[in-house]
1. Which of Leu130, Gly92, Pro4 sits closest to the plus end of the dipole of the chain, meaning its Cα is farthest towards the positive end, when Lys and Arg get +1 and Asp and Glu get -1 on the C-beta?
2. Consider all pairwise Cα distances in the stretch 41-144 and report the whole-number % of them above 22 Å.
3. Let me know the charge dipole size of the stretch 99-207 about its Cα centre in debye, to the nearest 20, where only the beta-carbon of Lys, Arg (+1) and Asp, Glu (-1) is charged.
4. Please report the carbon-and-sulfur percent of the accessible area for the stretch 57-161; probe 1.4 Å, protein heavy atoms only, DNA, RNA and ligands left out.
5. Taking 0.36 nm per residue of sequence separation and subtracting the Cα-Cα distance, how much length would be gained by fully extending the chain between Arg48 and Asp142, in nm to one decimal?
6. Provide, for q = 0.11, 0.13, 0.16, 0.19 Å⁻¹, the log10 of I(q)/I(0) from a solvent-free Debye sum over equal Cα point scatterers in the chain.
7. Using a simple charge model, +1 on the beta-carbon of Lys and Arg, -1 on the beta-carbon of Asp and Glu, nothing else, what dipole does the stretch 49-118 show about its Cα centre, in debye to the nearest 20?
8. For Glu91 and Asp75 in one chain, what is 0.36 nm times their gap in residues minus the Cα-Cα distance, to one decimal in nm?
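The values are calculated or read from the model by the stated rules, or taken from the named source; none is laboratory data. The structure presented is a predicted model; accordingly, all values stated were derived computationally and were not measured. Heads up, the Cβs are rebuilt from the backbone with ideal geometry, glycines too, and the neighbour counts pull from every protein chain shown. The accessibility values were calculated without ligands, DNA or RNA, using every heavy atom of the protein model including side chains. Shrake-Rupley method; radii C 1.70, N 1.55, O 1.52, S 1.80 Å.
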Amino acid sequence: MSEPRLRLRYSPTSPFVRKVMVFAHETGLIDRIELLPTDVWHPETDVRRDTPLGKVPALIMPDGLVVAESTLICDTLDHLHTGPRLFPEGEGRVAALRWLALGDGILTACVTRIIEGRYRAADAQQAWWLDRQITSIQATLDVLEAEADTLAAAPFSVGPLTIAVALSYLSFRYSGDAWPDTRPGLAAWHAEVQTRPSMRATEPPSA
């Protein structure tokens, strides 16, 4: 008997969607997931039919229950496979969750920066608000650079996974920031992680 299918509201360039997709590959669940392309910014989007938050990703369970927010979706998936948990228990859990929070913080700052720059009129943009996002990103990168050796020695659990997605998104959206030039340890770790099949399979389109 085949396993019940899952459906995922997704956008190919959303970093939070990519986080879920990488997680699904790492847990061997990707073949159970049907992808539902969703443009949340389209005026006629039907995304709120499934989630009142109007965001992707959103995971639709076989019984119709909708799970929103990428970390909650990953935690849900972590209970649907039989391999090692990517949300560690016991030793290593706090470190993994802390890295998860730092990675999500980078992603949130990036998305906020994009929305401010793309969807506000130029004369309405708040330079101080953009600067705050950039400062948060840079400060977090400095912390991760100092922890690069520890990160490299850790299992590829939900924390390192989220950081890998965040660093890839920075390079995707803000290549001009050239973060790898000043964080060689973090850059070396990220280059290695990008060779994982889960990362290769989920690369966003270049456009």
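1. Checked the options; the winner is Pro4.
2. It works out to 52 percent of all Cα pairs.
3. Numbers: 8 positive and 12 negative charges, 73 e Å.
For this selection, approximately 360 debye.
4. Reported share for carbon and sulfur atoms: 58 percent.
5. So the extension gain works out to 30.0 nm.
6. -0.54, -0.75, -1.12, -1.47
7. Using only the charged Cβ atoms, the result is roughly 280 debye.
8. Numbers: separation 16, 0.36 × 16 = 5.76 nm, distance 1.78 nm.
Additional length available on full extension: 4.0 nm.
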